[in-house]
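Visitor: Take this structure, written in structure tokens, and hold onto it; I'll ask about it next.
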Amino acid sequence: MISRVLIANRGEIALRIIRACHELDIEAVVVFSEADRGETYLEYADEAICIGPAEAAKSYLNIPAIMSAAEIADVDAIHPGYGFLAENQHFAEVCRDCGIVFIGPPVEAMQMLGDKIEARKIAEKAKVPVVPGSEGAIDSEAEALKLAEEIGYPVLVKAASGGGGRGMRVVHNDMSFRSAFSAARQEAEAAFGDGNVYLEKFILEPRHVEVQVMADSFGNALHFYERDCTIQRRHQKMVEESPCPVLDEKTREKLCSAAIRIIKQANYENAATVEFLLDKDKNFYFIEANARIQVEHPVTEMVTGYDLIKWQLKVAGGHKLDIKQKNIKHRGVAIECRINAEDPENNFSPCPGKIEQYVVPGGPGVRVDSHMCQGSVISPNYDSMICKLIVHNTDRAEAINTMKRALKEFIISPIKTTIPACLDILSHNLYVKNKVDTSFVERQLY
Ligand code: MV4
């Protein structure tokens, strides 16, 4: 069993993990940088340890500093949250070598899924549909060009170590193939130190649907249904919901069992998200898997009633995932809006600064995941998320109404926020009617 955890993260997810620990009678030790000193959420922890200056590279990404804090605080385990070191294989390895439980997957599973080419191979082995594309990495330009013609344009050149939209190039014809291919390779080498690229057919106007899974160390793997994360701008998710509003129960079952097969094939443990593209004809294709808990996990918690962070802590401590798949049900609809300190009227440029007035919404079906309060300062050093506003109601139309009413109740001043942008999305005819794809926000709104 785990009795004391170090949280190697900050802000809302650090607070979310503290809360889960305390419900399980686990002590929570949190690290912080100089920029976060004095933040209210640190008070909720049993201990807080300064690990360095504001720059993430010297604090939240500083492995020696974090391991020293773990040693001083005498913890059994480290929860990495999301971002920062959550998918850093070296960090997971250091934890293992120090005899500290890394609350996440085994190093080998993280390595496999971290390489998108390997992940594609795992999906194929698990008989999960992947987008038509190359068998593995492509070395030669001639080989790539030939394959692109076979697959048919448009095609995507993707980086093996990419993900989240980084290191991708769309190619529309033979003419532009050569330059796009070599540019993608160079970009990948520069950004990830891995110039390996692969090819996929470019799926037109897809929806982004992802399945939440959890696995234990006894070979049990369960899914907690899917989230639809189609509403995003420049690869930053803005609104997420569960269940996906355009899936029928039969396709949902196929999608979720496909995700489980991938997770079992990778000998995975702990929480993961398996990402798919859904095309216009409701065909789904595996694209990548994320070896961490994600920002948008609360929508899944709201529709299933399970606390995913508590389950992460339990399975990491050797507890069996003693739930039956058939007992995991989804009820109603949950929607999450990410509220960032950004100005929608100025190209979503970050608006760091002090929050003078902060009044959160409440009432039936409203959940606010945030570490903010009156007087909080949004530091320019980290991402600009202020809050995740999550609502739950009996159906989608009701959930949209609850979200709009909660967004209107929210008072955050004087800094600019994405609340008006979220309201624009929730009020848009195409969003309400489920006629959106991943380009909706950029094409219709911003
Ligand atoms: C694609 C695609 C179309 N076809 N792959 C972008 C992020 C990364 N997770 C994968 N991405 C995409 N892969 C094929 N074969 C379109 C995207 C994509 C996208 C995917 C999900 C959510 C938003 C997106 C926005 C633009 C492109």
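The values are calculated or read from the model by the stated rules, or taken from the named source; none is laboratory data. Only a predicted model underlies this, so the values are computations on that prediction, with no experimental measurement involved. Note that each Cβ is placed from the backbone with ideal geometry, even for glycine, and that neighbours are counted across all protein chains shown.
Visitor: Of all residues being in a helix (DSSP H, G or I) and closer than 21 Å to F192 by Cβ in segment 138-169, which is farthest from the ligand (Cβ to nearest atom)? Just the residue, please.
Guide: E141
Visitor: Report yes if some residue within segment 345-352 is closer than 22 Å to F32 by Cβ and surrounded by fewer than 18 Cβ atoms within 10 Å (Cβ to Cβ); otherwise report no.
Guide: So far as segment 345-352 goes, yes, one or more of its residues are closer than 22 Å to F32 by Cβ and surrounded by fewer than 18 Cβ atoms within 10 Å (Cβ to Cβ).
Visitor: Could you tell me which of the residues I203, I231, I263 is within 12 Å of the ligand (Cβ to nearest atom) and either at pLDDT below 95 or under 20 Å from the mean Cα position of the chain (by Cα) (or both)?
Guide: Going through I203, I231, I263 in turn, just one is within 12 Å of the ligand (Cβ to nearest atom) and either at pLDDT below 95 or under 20 Å from the mean Cα position of the chain (by Cα) (or both): I231.
Visitor: Let me ask another. Could you go through segment 218-226 and let me know if any residue there is within 14 Å of the ligand (Cβ to nearest atom), under 16 Å from the mean Cα position of the chain (by Cα), in contact (Cβ under 8 Å) with a residue 24 or more places away in the chain and assigned by TED's automatic domain parsing to the domain that holds S439.
Guide: yes
Visitor: How about segment 181-193: which of its residues are within 16 Å of the ligand (Cβ to nearest atom) and either crowded, with 20+ Cβ neighbours inside 10 Å or in a loop (DSSP other than H, G, I, E, B) (or both)?
Guide: Hits for segment 181-193 are F181, A184, A188.
Visitor: Please state which of the following conditions E135 fails to meet, knowing it meets all the rest: (1) within 16 Å of the ligand (Cβ to nearest atom); (2) farther than 17 Å from L6 by Cα; (3) surrounded by 15 or more Cβ atoms within 10 Å (Cβ to Cβ).
Guide: (3)
Visitor: Can you name every residue in segment 231-256 that is charged (D, E, K, R) and either in a loop (DSSP other than H, G, I, E, B) or free of Cβ contacts under 8 Å to residues at least 12 places away in the same chain (or both)?
Guide: R234, D248, E249, K250, E253
Visitor: On the given criteria, is R338 in a strand (DSSP E or B) and of a type in the set (K, R)?
Guide: When the stated conditions are applied, R338 passes them.
Visitor: Hey, another quick one. Looking at (1) touching a Phe, Trp or Tyr at 6+ places or on another chain (Cβ under 6 Å); (2) more than 24 Å from M372 (Cα to Cα), which one does E87 not meet, given that it meets all the others?
Guide: (1)
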